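Heads up, the thing below is written out as structure tokens.
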Amino acid sequence: MARSVSTGAKIGWSVAAWVVALLIFFPILYAIITSLKTEQEAIAGFSLIPSGTFENYVTVQTQRDYFKPFMNSVILSVGSTILALIIAIPSAWAMAFAPTKRTKDILMWMLSTKMMPSVAVLLPIFIIFRTFGLLDSRVGLTIMLTLINLPIVIWMLYTYFREIPGEILEAARMDGASLWKEIVYVLTPMAVPGIASTLLLNIILAWNEAFWTIQLTTTNAAPLTAFIASFSSPQGLFWAKLSAASTMAIAPILILGWFSQKQLVRGLTFGAVK
Amino acid sequence: MATQNTRTLARLMMAPSVVVLLIWMAVPLAMTLYYSFQNYNLLTPMNVSFAGFFNYQYFYTDPAFFQSIWNTLLLVLGVLAITVIGGTAIALLIDQPIFGQGIVRILVISPFFVMPPVAALIWKNMIMHPGYGVFADIAKFFGLQPIDWFAQYPLFSVIIIVAWQWLPFATLILLTALQSLDSEQREAAEMDGANFFNRFIYLTIPHLSRAVTVVILIQTIFLLGIYAEILVTTNGGPGYASTNLTFLIYRTARLGYDVGGGAAGGIIAVVLANIVAIFLMRAVGKNLDK
């Protein structure tokens, strides 16, 4: 039953909520607006109305080869997520459908690997990567991103798989379905939504990862995080252009993120809040 | 139900992830531990020798060490305070009957999806810049002297940026928890004549406490490792004013080429993270039993 609320109260709450929401969103909005300004306008004081030039977007590409780090981001985030899923799906599946006494301990141990501060293993990883020629390589960074996100992937998949009722398997078995048919026709359709959610959240996490991607790359394999970070002292690339590069860097993930609100809660709290 | 066969199969299915994570956890950590007892500088890689506890002593007696620990604490606690209090308030606000709740929600959670270097640079250049930033524009509008945020309040500025990034996370989780609050329970309380304040104290807060615990623990894990935001804004300065432990270790290891010192700092960071991790694991583990 919906609570009955007076229209006046609703308008009051709405105004308050919209003001707060717009304030929180403002820095992003302002970056988008600035990306449509000329460099002179960008530093000419507060203004929400840009002249509407798309020149910055063109310049970022022609002067800085924006496409390269963008593609690196795509390759690294999608590649590492798929690699993690390949390793994680069988594992989560086994723990969800054939749990043993030790399953809980294994899950907790996997989670504990996520608690290790990255900086603590910076030097060993750097030295290993240098030894094997993996510095500034997409292969090396894909492996790295797979490793740091693997525990979250396994956990998310586990919480989804665990919700698939075991009875449905027994029913299929009673009907004489073979193990293969059971997997293809019964389990897979039920598992796909969970796998898709995991995929989505992990692409977001990998896309925004900003420690290893900055530490282990220089130019060749540098994704957008490293590319943008290299403009911390903006010589040659000014605010309007930096805003254009930033807008393009966050837009795809922002849109993916809007679709993954629920999964985000679940994935990042390891199923503790649903 | 589990036969010997399925058990063997289950083990085989789990093997790749267990082996990969075991190597990932054990090898680099063992190397860090080993390096922490060596004199090893990347500039003079030929002169490696046993150092005993010298690296720890060196790290411990470095004045920057205590400042970085203090900064780490302030950063974590400051961000937690802002995000938990702000997140609760915003979650309660969005949970009210409002027009366009879906869009409000999307606007509020957006900062979480902005990659750290972009978030930090937007704030640094367009919001907090002493000459051209929005804050400076506002100050000038009121005839005040604009504040040079990153020079005068470097750590506070970093806290603001990081809090902006994590506020959506806290809000979203607390909102999810709020919305799972049984509406019948809420109505029953209303019928019993509990006013808004009483309902908040006796119903909402106990219900949210679990979500708040989760928010605090998970954020702490991530906040201990804040790096990119500092790198692109203050670079740890002025002096060590905005250097946290992560950044100090990075400085020692990568900019000072001091493998031994960096490793000793790394081990200290592991110990600190483990203290937090123990609590988090308990909270998550409890949920697993249900």
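Every read-out reported here was derived from the displayed coordinates using simple, explicitly stated rules and does not represent laboratory data. The shown structure was predicted, so the numbers you read here are calculated from the model rather than taken from an experiment. Positions of Cβ are backbone-derived with ideal geometry, glycine not excepted, and every protein chain shown enters the neighbour counts.
Based on DSSP H assignment, which helices of chain A show an axial Cα extent of at least 27 Å together with a mean Kyte-Doolittle hydropathy greater than or equal to -1.0?
Membrane-span-like by this criterion, though nothing is claimed about a membrane: A:7-35, A:67-97, A:138-161, A:188-208, A:239-259.
Normalise the Debye intensity by I(0) for chain A, one equal point scatterer per Cα, no solvent, then take log10 at q = 0.10, 0.17 Å⁻¹ and round to two decimals.
Results for chain A at q = 0.10, 0.17 Å⁻¹ read -0.71, -1.28.
If you filter region A:138-206 for GluC sites (Glu not before Pro), then keep DSSP loop positions with at most 14 other Cβ within 10 Å, what is left? Don't jump to the answer; show the numbers that get you there.
Values: sites: A:Glu163, A:Glu167, A:Glu170, A:Glu182; in loops: A:Glu163.
Counting only loop positions with at most 14 other Cβ atoms within 10 Å, the GluC sites (Glu not before Pro) in region A:138-206 are A:Glu163.
Give me the extension gain from A:Trp18 to A:Lys68: residue separation times 0.36 nm, minus the current Cα-Cα distance, reported in nm with one decimal. The partial results should precede the final answer.
Working: separation 50, 0.36 × 50 = 18.00 nm, distance 3.78 nm.
Working it through step by step, the gained length comes to 14.2 nm.
Set the Förster distance to 41 Å, then compute FRET efficiency between B:Ala151 and B:Ser183 from the Cβ-Cβ distance, nearest 0.05.
My answer for the efficiency is 0.20.
Over all residues in B:244-250, what is the mean tally of Cβ atoms on other chains that come within 10 Å of each residue's Cβ?
The per-residue average across the peptide is 3.
Under the rule of at least 5 residues apart or a separate chain, name every residue whose amide H is placed under 5 Å from the amide H of B:Asn39.
B:Ser49, B:Phe50, B:Ala51
Top mean-square fluctuation among B:Gly266, B:Gly239, B:Gly225, Gaussian network model of chain B, C-alpha springs under 10 Å?
Of B:Gly266, B:Gly239, B:Gly225, the most mobile in the Gaussian network model is B:Gly239.
Given charges of +1 on the Cβ of Lys and Arg and -1 on the Cβ of Asp and Glu, with all other atoms neutral, how large is the dipole of the protein assembly as shown about its Cα centre, in debye to the nearest 20?
Dipole magnitude for the protein assembly as shown comes out near 700 debye.
Within chain A, which is the longest segment containing none of the chymotrypsin sites (Phe, Trp or Tyr not before Pro) that sit in a DSSP loop and have at most 15 other Cβ atoms within 10 Å?
After excluding every exposed loop site, the longest remaining stretch is A:133-274.
Pick from B:Ser49, B:Ser157, B:Ser36 the residue whose mean-square fluctuation is largest in a GNM of chain B, springs joining Cα atoms under 10 Å.
Top of the fluctuation ranking is B:Ser49.
Of the cross-linked pairs A:Lys68/B:Lys124; A:Lys101/A:Lys262; A:Lys10/A:Lys262; A:Lys68/A:Lys181; A:Lys262/B:Lys140, which ones have a Cα-Cα span greater than 32 Å in the structure shown?
A:Lys68/A:Lys181; A:Lys262/B:Lys140
Normalised by the number of residues in region A:1-151, what is the relative contact order in percent for Cα pairs under 8 Å and 6+ residues apart?
Here the relative contact order equals 23 percent.
Specify the inter-centroid distance of region B:25-39 and region B:207-240, based on alpha-carbon positions, in whole Å.
25 Å
Of the residues A:Arg138, A:Arg102, A:Arg130, which exhibits the maximal mean-square fluctuation in a Gaussian network model of chain A defined by a 10 Å Cα contact cut-off?
Per the Cα network of chain A with a 10 Å cutoff, A:Arg102 tops the list.
Assuming R0 = 60 Å, what is the FRET efficiency of A:Val192 and B:Phe196, from their Cβ-Cβ distance, to the nearest 0.05?
The formula returns an efficiency of 0.85 here.
So what is the 222 nm mean residue ellipticity for the protein assembly as shown from helices alone, if each DSSP H run of at least 4 adds -39500 (n - 2.57) and you divide by all residues, rounding to the nearest 500 deg cm²/dmol? Don't skip to the answer; put the middle values down first.
Numbers: 27 runs with 388 residues, N = 564.
After summing the helix terms and dividing by the residues of the protein assembly as shown, the value is -22500 deg cm²/dmol.
Using the basic label-point model (7 angstrom from Cα toward the beta carbon), what is the B:Phe142 to B:Leu22 distance in nanometres?
Output for this residue pair reads 6.1 nm.
Relative contact order for region A:7-56 using alpha-carbon pairs under 8 Å, separation at least 6, rounded to a whole percent?
31 percent
Could you work out the relative contact order of region A:66-230, using alpha carbon pairs under 8 angstrom and six or more residues apart, expressed as a whole percent? Kindly include the intermediate steps, with their values, before the conclusion.
Details: 155 pairs, mean separation 69.5, N = 165.
Computed over region A:66-230, the figure is 42 percent.
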